[in-house]
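Derivation of every value follows stated rules applied to the coordinates shown; laboratory data play no part. Here the structure is a predicted model, which is why all the values come from computation and not from measurement. Cβ coordinates were reconstructed from backbone atoms using ideal geometry, including for glycine residues, and neighbour counts include every protein chain displayed.
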Amino acid sequence: MRDVQGLDTGGSLPAEPSGFVGRVREVEAARTRLASHRMVTLHGPGGVGKTRMAWQVAARAGLAHGSRWVDLASVRDGALVGQAVITALGLQDQTGRSSVAVLTESLAGQDVLLVLDTCEHLLDECASLAGALLAALPGLRILATSRAPLEVRQESVVPVGPMSTGPDGDALALLTARLEQAGRAEPSPNRVPAHDEPDELVVLCDALEGIPLAIELAAPLLRSASARQLNRQLAQRLDLLSPDTPSDTDLTALRPRHAGLRTSIGWSHEWCTPHERLLWARLSVFPGSFTMTAMEFVCTIKPLFGYDLTDTLASLVNKSVVLREGPPGARRYRMLDTIREYGAEWLKRCGGQDELRLRHRDFYRHLALTGGESWLGPRQPEVYRQAAAEHTNLRAALQHCLLTDTSAALHMTADLFYFWFACGNLREGRHFLDAALDLDPEHEPGRARALWVCAVVSSCQGEHRVALERATEALELATRTDDEPARAWATYAQGLALTLQGDTGPAQERFAVALPLAETAGEEIAGLLCMASHSYLLMALGELDRARALAERVIARAAPTEDIWARSFGHYVIGTLDTVDGHPARAIPSLRTALEAKWLLDDAYGIAITLDTLALAAVDDGQVEWAAWLLGLGDQVWRKVGVPQLGSPDMVERRRTCEQRTRDALPPSVYEHHHRAGFTLDTAPGEVPVHLRQPYLLA
């Protein structure tokens, strides 16, 4: 992705919020404050427009390395704030290092703006992270949005209030713009045109106190009522705020601060049908966006059991209570925080929140389970995309499991093995696995499985001692309980940890034991990984023929399932062996195949390692411009991973040699041109860059 300056920034600004109106002076004042202070917090109540204003300020910040946006609205566990920032920045460092260490390394030497949006529910964690990063990174500036100041030493607080009202105010401009948009999208012959009652619109904006969200909610109501009618009803609602005051008292002076927003939300609530109100309340259990399928499962308990909610949801979208996102084939829905909070309050009054949260948990437990069950097959990219889209909901379901059901927590964290291990989420997986295992002193069913999953994840993080401890405990528990699948996996996990810490003899013995165990237990994925890992080990030991034979077995065994993930391991080994053997033209197709699979599944480590090998094959094949481009793209991915070449001396040396040979073959300016083309390439998870699929076109 690219920020507003056009530089590659990983987690840069999201798409510009549509229809931003007014606040020219406020945006410029906040931008000026940011130029003279290293941290600025836009402080104001919910619904006042802090997020939209922050986007405008960030887009105009003008720092050399751009702006990075982090949405914290759906993060409920303070321990995951650092991980949320890492993920938003497009980093995939999966080591056991602290979040501060990872972010400090990634942002070192950059003049960059970090936007932390919606901090109020995580004040202590956001303040701690912001303080540590500001101390370590002299070029960093932070822009936060929050309903309360973060109380960081370097913080400068900018109050964000309502829009200006009156005939020339920004509030009227916003309402007029929304009415024009609504008229273009859905003309209504019964609606009084906005230009026929301008004075009433001014009164309406004033009654709503110029609060943007209140105005956004009021605009759809003007499709079926005039501004005069709405003003009359709104005045009646506001009178109810002070029922015991004398009739000649100035009610405006007695209203609670920002009563207009509360009244507008309640007003929208009253204009909803009973079914719409109930659905609004029930949708508040979703911490982020959701699909129609999820809504239908979670929300259709009595009295909505068996009820078709399609039209009900569409009506909430039309009333601006629910936002609709994405193309028709991948439609998702969400509510703004303030709207969700109002729905949650009603859910408490209506009852049933415990049952709804349980249904939310069970829906996403089932999604995790079915994703794991269908992982070995043709649906792998689809399963990855679904899990990535539902990441926020999966996280919320896991947190619910940890709070209420240890057995469910163990099973769900293990079911998501594919998401942790194959799709670049090791750090978060380790967090949830450790938390679930720490809750289980009684050895609940499922502990052995969670242990070996934790062992594999820990190995990939470089924590081999922890991995061996977890794998050994898993093996002992599986042996006592005659859990043959867990025995196979735990034995494989031991072999993987031993391989990565350099104990090659014991590792080979573990792989030799694990493979027949996996075959007997019917654990096909364990068998494939065992052969793939063993082939890596044999290649490192120089037993090239045995390594090739095992890699070919992996490809042959996985081919009938149409799997791409397991086969990518085999293709990588064969491509590497062909490169070592001096057959680069034969190696390139295998490495391309491996790379495409890893890219479709967002396996950053696999992508980076394979790019380095493919660059070497390209040099050997005389495609030196393409090699420079591949090295640049590899540097971009390694930067996200955080530890170039995983810190392996052998890998570092191979990468250095490849780069030197490429530089020697090209004029410096030509090398830099192609390297930069790769390094600055816009990349996105699941979208394979075109130059990996077809010959490199000189540019």
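Starting with the highest mean, order 66-73, 454-461, 95-102 by the number of other Cβ atoms within 10 Å, averaged over the residues of each peptide. Walk me through the numbers before you get to the answer.
Values: 66-73: 22.6, 454-461: 26.0, 95-102: 17.2.
Highest-to-lowest ranking by the protection proxy: 454-461, 66-73, 95-102.
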(message) Show log10 I(q)/I(0) for region 274-351 at q = 0.11 Å⁻¹, two decimals, from a solvent-free Debye sum over equal Cα scatterers.
(response) -0.24
(message) Within a 10 angstrom radius of the beta carbon, how do Arg23, Arg470 rank from fewest other beta carbons to most?
(response) Arg23, Arg470
(message) On C-alpha positions alone, give me the angle between the axis of helix 274-283 and the longest principal axis of the chain, in degrees, nearest 10.
(response) 40 degrees
(request) With a 4.7 Å Cβ cut-off, tell me which Cys residues in the chain come up empty for a partner. (result) Cys205, Cys272, Cys299, Cys350, Cys401, Cys423, Cys454, Cys460, Cys530, Cys658
(message) So I have (i) 70, 35, 26; (ii) 47, 40, 34; (iii) 51, 31, 22, and one of them is semi-axes √(5λ) of the Cα gyration tensor in Å calculated from this model. Which one is it?
(response) (iii)
(request) Please list, in chain and number order, the residues 5+ apart from Ala144 or on another chain whose amide H is under 5 Å from its amide H, with Hs placed from the backbone. (result) Val40, Thr41, Leu42, Leu116
(request) Would you mind ranking Lys50, Lys302, Lys640 so that the residue whose beta carbon has the fewest other beta carbons within 10 Å leads the list? (result) Lys302, Lys640, Lys50
(request) May I ask you to evaluate 6.51 cos²θ - 1.76 cosθ + 1.60, the Karplus curve with θ = phi - 60°, for each residue of region 471-487 and list the ³J(HN,Hα) values in order in whole Hz, giving x for glycine and proline? (result) 5, 5, 5, 4, 5, 4, 5, 5, 5, 5, 9, 6, 8, 5, x, 5, 4
(request) Could you work out the equivalent-ellipsoid semi-axes for region 446-544, taking the square root of 5 times each eigenvalue of the Cα gyration tensor, largest first, in whole Å? (result) 20, 15, 10
(request) Starting from the Cα of Ala330, step 7 Å along the direction of its Cβ; do the same at Glu543; then give the gap between the two resulting points in nm. (result) 4.4 nm
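Go ahead and estimate [θ] at 222 nm for the chain from helices alone: -39,500 (n - 2.57) per DSSP H run with n ≥ 4, summed, over the residue count, rounded to 500. Walk me through the intermediate numbers first.
Values: 33 runs with 429 residues, N = 699.
Result for the chain: -19500 deg cm²/dmol, rounded to the nearest 500.
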(request) Would you mind giving the three semi-axes, in whole Å and largest first, of the ellipsoid equivalent to region 1-132 according to its Cα gyration tensor? (result) 24, 18, 14
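Applying a 10 Å radius around every beta-carbon, put 478-487, 205-214, 387-396 in order of their mean neighbour count, most first. Before the final figure, lay out each step's value.
Values: 478-487: 17.8, 205-214: 25.6, 387-396: 20.8.
Order by mean packing, descending: 205-214, 387-396, 478-487.
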(message) How charged is the neighbourhood of Leu134? Take every other residue with its Cβ under 11 Å from the Cβ of Leu134, and add Lys/Arg as +1 and Asp/Glu as -1.
(response) +2
(request) In whole Hz, with x marking every Gly and Pro, tabulate ³J(HN,Hα) for region 357-367 from phi via Karplus 6.51 cos²θ - 1.76 cosθ + 1.60, θ = phi - 60°. (result) 5, 5, 5, 4, 4, 5, 4, 7, 4, 5, 4
(request) For an R0 of 56 angstrom, estimate the FRET efficiency from the Cβ-Cβ distance between Arg60 and Ala512 and round to the nearest 0.05. (result) 0.35
(request) Tabulate in residue order the Karplus-calculated ³J(HN,Hα) for region 292-302, using 6.51 cos²θ - 1.76 cosθ + 1.60 with θ = phi - 60°, rounded to whole Hz; enter x for Gly and Pro. (result) 4, 4, 4, 4, 5, 6, 6, 9, 8, 9, 3
(request) Enter the angle in degrees (range 0 to 90, nearest 10) between the Cα long axis of helix 668-679 and the first principal axis of the Cα atoms of the chain, meaning the one along which they spread out most. (result) 60 degrees
(request) Please determine, in degrees from 0 to 90 and to the nearest 10, the orientation of helix 337-350 with respect to the longest principal axis defined by the Cα atoms of the chain, where the helix direction is its Cα long axis. (result) 80 degrees
(message) Less than 12 Å Cβ to Cβ from Gly495, Lys/Arg counted +1 and Asp/Glu -1: what total charge do the surrounding residues give?
(response) -1
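Can you sort Trp346, Trp565 by how many other beta carbons sit within 10 Å, fewest first?
Lowest to highest Cβ neighbour count: Trp346, Trp565.
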(message) Out of all DSSP beta bridges in the chain, what portion is antiparallel? Express it as a percent rounded to 5.
(response) 20 percent
(request) Show the residues, 5+ positions off or on another chain, whose built amide H is closer than 5 Å to the amide H of Trp69. (result) Ser12, Leu13, Val115
